[in-house]
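Before any comments, here is the structure.
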Amino acid sequence: MLEKYRYIAVEGPIGAGKTSLARRIASHLQAELLLENATDNPFLPRFYQDPKRHALATQLFFLFQRSAQVQDLQQGDLFAHSTVADFLLDKDLLFARLNLDDDEFRLYQTIYDELQPKAPVPDLVIYLQARPTVLLERIHGRGLGYEQSISADYLQRLGDSYARFFYSYDAAPLFTVNCEHLNFAHNDADFALLLAQIDAMRGQREFFNRAG
């Protein structure tokens with residue numbers, strides 16, 4: 001089952017539950033857990049209040065933070081233990097393209113190219129997706145003050161960006177899950193179902209959707 005994957009990355013838009021699932025998988029595997037720690041970014045609350053003004057600072061903070069994390073991962077011995085992360089470094093450019101204007105994006109791209117951050121390729125990527133209305137309900141439910149100004153329109157654009165990104169993603173096996181009717185963090189049956197579906201993967205790309 002999951003034990004055969006030494007490095008698993010969980011991805012998806014805000015509210016999809018990627019951090020909760022990454023925690024559960026890491027606990028299940030007794031693996032190292034690598035989190036993007038969005039709450040450490042001092043610019044993030046300001047970004048949600050005034051995206052145009054604070055997008056570049058927010059993106060650069062995440063870039064330096066994640067670059068340091070994946071550098072540590074690269075230098076470590078992936079074969080000594082399993083690692084589960086709640087982000088892909090590759091998606092930084094996705095957010096940058098979505099949130100920055102053209103001049104800012106060119107600056108960001110220059111800095112990105114100078115850093116040349118390189119992360120090990122995951123053995124498996126789990127991509128969680130859900131409709132913007134579901135994401136917004138979950139965001140409001142978890143009650144983080146700085147997230148309450150996130151709009152359904154932003155989540156729609158973000159979801160579309162993720163869909164385009166993973167449509168052409170072929171660096172690692174990809175397991176896409178519509179998680180609207182699944183609760184991996186608190187429902188053991190849902191988590192067991194996920195494990196069984198992943199175990200049944202036979203190709204490089206699989207999609208799982210359980211209707212409500």
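Quick notes on this one:
- Every pair of residues 6+ apart whose Cβ atoms lie under 8 Å, when the first sits in the range 162-184 and is under 22 Å from ARG202 (Cα atoms) and of a type in the set (Gly, Ala, Ser) while the second is in a helix (DSSP H, G or I) and at pLDDT below 95: ALA171/ASP90
- Residue count, the range 96-109 (criterion: buried (at least 18 other Cβ atoms within 10 Å of the Cβ) and either under 11 Å from the mean Cα position of the chain (by Cα) or more than 14 Å from PHE62 (Cβ to Cβ) (or both)): 1
- Qualifying positions in the range 113-128 - surrounded by fewer than 19 Cβ atoms within 10 Å (Cβ to Cβ) and among the aromatic types (Phe, Trp, Tyr): none
- Selected residue (only one of ARG164, ARG138, ARG142 is more than 20 Å from PRO45 (Cβ to Cβ) and either out of contact with any Phe, Trp or Tyr (no Cβ under 9 Å at 6 or more places or on another chain) or of a type in the set (D, E, K, R) (or both)): ARG164
- Once the range 113-171 is narrowed to residues that are aromatic (Phe, Trp, Tyr) and under 23 Å from SER67 (Cα atoms), the residue that is nearest to the chain's Cα centre (by Cα) is TYR127.
The values are calculated or read from the model by the stated rules, or taken from the named source; none is laboratory data. Note that this is a predicted model, so its numbers are computed, not measured. Because the Cβ atoms are built from the backbone with ideal geometry, glycine has one as well, and the counts that use them run over all protein chains shown.
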